[in-house]
Amino acid sequence: MIRPATPADLDAIMRLERASFPTDAWSDAMMREELASPHGHYVALEQGGRLIGYAGLRAPAGARDGDVQTIALDESARGRGFGRALLRTLLSTAHERRVREVFLDVRDDNPVARGLYASEGFVEAGRRPRYYQPDDVDAIVMRVDVQAWAAARGEDAVASGVNGGWCS
C-alpha cells in the first residue's frame, strides 16, 4: 500500500535511506524537514506492516515545475514494479497540482533507474559532472512533460489506483 509518509516514518525511512545511498544519504534533520515541508509530498510504501519504500516530490503550490527528490526501496522489494508505482504516484500528484514539468537527478552509474525514468517519458536535459560525492559520479538531469505523461497513459489510467494522490 502506498500512503502519505508522516514524521512517525522517519526512523524506517532513514534505515532505507542509509542502505540505499550509503555514501550520500540525507541526514535525519534534512529528511525530517522534508517530511514536514508544505512544499513536499512524500509517500511510504508498506507491505505486511513494514515500510519497504518511500518517495518524495517537491512541488510548491502554484509552481509550474517540480522535482522528484528521492525514491528508495528495500533491496528485497527491487525489480517488482514498486519503484514504478512510487514514481507514478508522484507524477499523478504533480498532474493533480497542475505542475507542467518534473525534473530529477539520477546517478550516471544507475542504469536501472535511468531505464525506469525513460520508460515513463523522462528525457535527458543535462548533466552535472561529478555531482555525487564522494563517488565522483555524474548526475543526469532528466525531465518529463507531465501533461504528455498523463495523456500517454490516459486520464483514467493516471487516476486508476490513485485516490487523492495515493495508491493502495
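The values are calculated or read from the model by the stated rules, or taken from the named source; none is laboratory data. Quick caveat: nothing in here was measured; it's all calculated off a predicted structure. For neighbour counting, all protein chains shown are included, and Cβ atoms are generated from backbone atoms with ideal geometry for every residue, glycine included. Only protein heavy atoms, including side chains, enter the accessible area calculation; ligands, DNA and RNA are left aside. Shrake-Rupley method; radii C 1.70, N 1.55, O 1.52, S 1.80 Å.
Looking at residue 3 and the list (1) surrounded by fewer than 16 Cβ atoms within 10 Å (Cβ to Cβ); (2) not in a strand (DSSP E or B), which single condition is not satisfied?
Failing condition for residue 3: (2).
Quick test of your reading of the structure: residue 89 fulfils all but one of (1) open to solvent by 10 Å² or more (accessible area, probe 1.4 Å); (2) in a helix (DSSP H, G or I); (3) in contact (Cβ under 8 Å) with a residue 60 or more places away in the chain. Name the failing condition by number.
Of the numbered conditions (1) open to solvent by 10 Å² or more (accessible area, probe 1.4 Å); (2) in a helix (DSSP H, G or I); (3) in contact (Cβ under 8 Å) with a residue 60 or more places away in the chain, the odd one out for residue 89 is (1).
Picking from 94, 139, which residue would you name as being more than 14 Å from the chain's Cα centre (by Cα), closer than 28 Å to residue 14 by Cβ and open to solvent by less than 70 Å² (accessible area, probe 1.4 Å)? Can you show your working first?
Working: 94 fails: more than 14 Å from the chain's Cα centre (by Cα).
Only one candidate qualifies: 139.
Inside segment 100-119, can you point out the residues that are in a helix (DSSP H, G or I), open to solvent by 50 Å² or more (accessible area, probe 1.4 Å) and of a type outside the set (A, V, I, L, M)? Break it down into steps so the answer makes sense when it comes.
Within segment 100-119, the subset in a helix (DSSP H, G or I) is 111-119.
Okay, now just the ones that are also open to solvent by 50 Å² or more (accessible area, probe 1.4 Å), so 111-112, 114, 118-119.
If the condition is that a residue be in a helix (DSSP H, G or I), open to solvent by 50 Å² or more (accessible area, probe 1.4 Å) and of a type outside the set (A, V, I, L, M), then 111, 114, 119 are the ones that fit.
Among the residues of segment 47-55, is there at least one that is closer than 23 Å to residue 140 by Cβ and not hydroxyl-bearing (Ser, Thr, Tyr)?
Just the residues of segment 47-55 that are closer than 23 Å to residue 140 by Cβ, to begin with: 53-55.
Subset that is not hydroxyl-bearing (Ser, Thr, Tyr): 53, 55.
Within segment 47-55, one or more residues are closer than 23 Å to residue 140 by Cβ and not hydroxyl-bearing (Ser, Thr, Tyr).
Test each condition in (1) touching a residue at least 40 places away in the same chain (Cβ under 8 Å); (2) farther than 23 Å from residue 18 by Cβ; (3) in contact with a strand residue (DSSP E or B) (Cβ under 6 Å, 6 or more places away or on another chain) for residue 147 and report the one that comes out false.
Tallying (1) touching a residue at least 40 places away in the same chain (Cβ under 8 Å); (2) farther than 23 Å from residue 18 by Cβ; (3) in contact with a strand residue (DSSP E or B) (Cβ under 6 Å, 6 or more places away or on another chain), residue 147 fails exactly one: (3).
Hey, among the residues in segment 6-22 that are in a loop (DSSP other than H, G, I, E, B) and closer than 16 Å to residue 74 by Cα, which one's least open to solvent (accessible area, probe 1.4 Å)?
Ranking the candidates gives 21 first.
Residue by residue, here is whether (1) exposed (fewer than 12 other Cβ atoms within 10 Å of the Cβ); (2) farther than 25 Å from residue 103 by Cβ; (3) without any contact (Cβ under 8 Å) to a residue 40 or more places away in the chain holds:
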{"site": "24", "(1), (2), (3)": "no, no, no"}
{"site": "42", "(1), (2), (3)": "no, no, yes"}
{"site": "46", "(1), (2), (3)": "no, yes, no"}
{"site": "52", "(1), (2), (3)": "no, yes, yes"}
{"site": "57", "(1), (2), (3)": "no, no, no"}
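Looking only at residues that are open to solvent by less than 10 Å² (accessible area, probe 1.4 Å) and among the aliphatic types (A, V, I, L, M) in segment 59-78, which one is farthest from residue 91 (Cα to Cα)? Write out each step before concluding.
Step one: list which residues in segment 59-78 are open to solvent by less than 10 Å² (accessible area, probe 1.4 Å), which gives 59, 66, 72, 77.
Then drop every residue that is not among the aliphatic types (A, V, I, L, M), which leaves 59, 72, 77.
Numbers: 59: 11, 72: 16, 77: 21 Å.
Of everything passing the filter in segment 59-78, 77 is farthest from residue 91 (Cα to Cα).
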